[in-house]
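Comments concern the structure below.
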Amino acid sequence: MSRVYNFSAGPAVLPEEVLKEAAEEMLDYKGCGMSVMEMSHRSAAFQQIIDEAEKDLRELMNIPDNYKVLFLQGGASQQFAAIPMNLKKNGKAAYIVTGQWAKKAAAEAEKYLDVDVVASSADKTFSYIPDCSDLDIPEDADYVYICENNTIYGTKFKELPNTKGHILVSDVSSCFLSEPIDVEKYGIIYGGVQKNIGPAGVVIAIIREDLIPEQVDESVPTMLAYKTQADANSLYNTPPCYGIYICGKVFKWIKKMGGLQAMKEHNEKKAKILYDFLDKSEMFKGTVVKKDRSLMNVPFVTGDEELDAKFVKEAKAAGFENLKGHRTVGGMRASIYNAMPIEGVEKLVEFMEKFEKENA
Ligand SMILES: *Cc1c(COP(=O)(O)O)cnc(C)c1O
């Protein structure tokens, strides 16, 4: 068996320990005589898996009791529609557009309400986070929407926008559990788990209870009404059982690693190794404004497309996978999520140094 260093933006690297444990339990989960994949979602064994996953997530993120934790399907992209469908009151929402995902979310929301783009960094190909301390947010906006970590461009909100009393909705897909956050500052925190938590197929939504409407528009599909999912504790229909089980194992792994503060320190240390190298390299350059750099997704370029392609190819041959940048931006991107070990980044930097010397 040989594992590569996987820098994929998602689905992405998972802790090896978690994968091994899952392998051990594959044929016989704790004496059940079957795999979690084969188990009824109404069984006591699965109920315990989902309950424990929720409990551990609540503990990790310090989620207050007045927030619901939902394990959903449909990807983060499904929430682009579910959010306006459920939060629509006055029929207007404010979006801060800092990349493709926020842009897509805004476009989807426009089907259901009026979208006011109150800030954007499109003018400089999303290479920074706009100043959001004093935005012109309409009084009657039902919520303010952000994508907190921009997976494609590699920027991150280091400070939340001043929403001027409006509800904040945040897509945290690519920074979920990468550092402590103050849940109470948000109305909804949500993300697909395939970036930093588990296998594709699960979306976690943490929603302040008073924002879950008793009644939604008749045209809203039953499955997309938060109340349906909240009332059934994520078991309205068959949930993504196996995915939830793996997420639960990752929560336990993070707890064992020391929780979110320890995760943050680990992530800062890793990112620093790569950013320090980019700052001194003559060949490789980071593409975003320093103060807005993401700890999770690190895009970089050589400035020469052919050299970029050569680098990606040689890196792959050396065991560093998925370093090609997103198809819309080119260059390279190293996603260094929680489960990427520090050695992965150290060895990548060594490889980059060697490549730079050989191609100077
Ligand atoms: C990957 C990603 C998405 C899309 O996720 P899907 O689960 O594929 O719908 C949305 N937002 C962010 C920030 C992402 O990184």
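Table: residues versus (1) polar (S, T, N, Q); (2) closer than 30 Å to Gly248 by Cα; (3) at pLDDT below 95.
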position: Val69; (1), (2), (3): no, yes, no
position: Gln73; (1), (2), (3): yes, yes, no
position: Lys89; (1), (2), (3): no, no, no
position: Tyr128; (1), (2), (3): no, no, no
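In segment 104-119, what residues are more than 16 Å from the ligand (Cβ to nearest atom), within 29 Å of Lys290 (Cα to Cα) and not hydrophobic (A, V, I, L, M, F, W, C)?
Just the residues of segment 104-119 that are more than 16 Å from the ligand (Cβ to nearest atom), to begin with: 110-119.
The next check asks that each one be within 29 Å of Lys290 (Cα to Cα); those that pass are 116-119.
The answer is Asp116, and nothing else.
When the criteria are applied in full, Ile246 meets the requirement of being more than 15 Å from Gln79 (Cα to Cα) and in a helix (DSSP H, G or I).
The set of residues in segment 313-330 being over 18 Å from Ser174 (Cα atoms) and either touching a residue at least 60 places away in the same chain (Cβ under 8 Å) or surrounded by fewer than 21 Cβ atoms within 10 Å (Cβ to Cβ) (or both) consists of Lys313, Glu314, Lys316, Ala317, Ala318, Gly319, Phe320, Glu321, Gly330. Close Cβ contacts (under 7 Å, 6 or more residues apart or on different chains) running from residues in segment 69-86 that are closer than 15 Å to Ala232 by Cβ and in a strand (DSSP E or B) to residues that are near the ligand (Cβ under 8 Å from one of its atoms) and at pLDDT 95 or above comprise Leu72/Val203. The residue list Ile49, Ile83 contains one member that is within 15 Å of the ligand (Cβ to nearest atom), surrounded by 18 or more Cβ atoms within 10 Å (Cβ to Cβ) and modelled with pLDDT of 95 or more, which is Ile83. The numbered conditions (1) surrounded by 24 or more Cβ atoms within 10 Å (Cβ to Cβ); (2) closer than 30 Å to Glu21 by Cα are all true for Ile188 except (2).
Which one is nearest to Val169 (Cα to Cα), of the residues in segment 112-149 that are assigned to a strand (DSSP E or B), of a type outside the set (A, V, I, L, M) and touching a residue at least 40 places away in the same chain (Cβ under 8 Å)? So, considering only residues that are assigned to a strand (DSSP E or B), of a type outside the set (A, V, I, L, M) and touching a residue at least 40 places away in the same chain (Cβ under 8 Å), the one nearest to Val169 (Cα to Cα) is Tyr145. When residues in segment 164-206 are screened for being farther than 18 Å from Leu60 by Cβ, assigned to a loop (DSSP other than H, G, I, E, B) and more than 12 Å from the ligand (Cβ to nearest atom), 5 of them pass.
Restricting Gly192, Gly259 to those that are of a type in the set (Gly, Ala, Ser) and under 12 Å from Phe71 (Cα atoms) reduces the list to Gly192.
The values are calculated or read from the model by the stated rules, or taken from the named source; none is laboratory data. Treat the numbers as computed from the prediction; the structure is a model and nothing was measured. Counting neighbours? That spans all protein chains shown, and the Cβs are built from the backbone with ideal geometry, glycine included.
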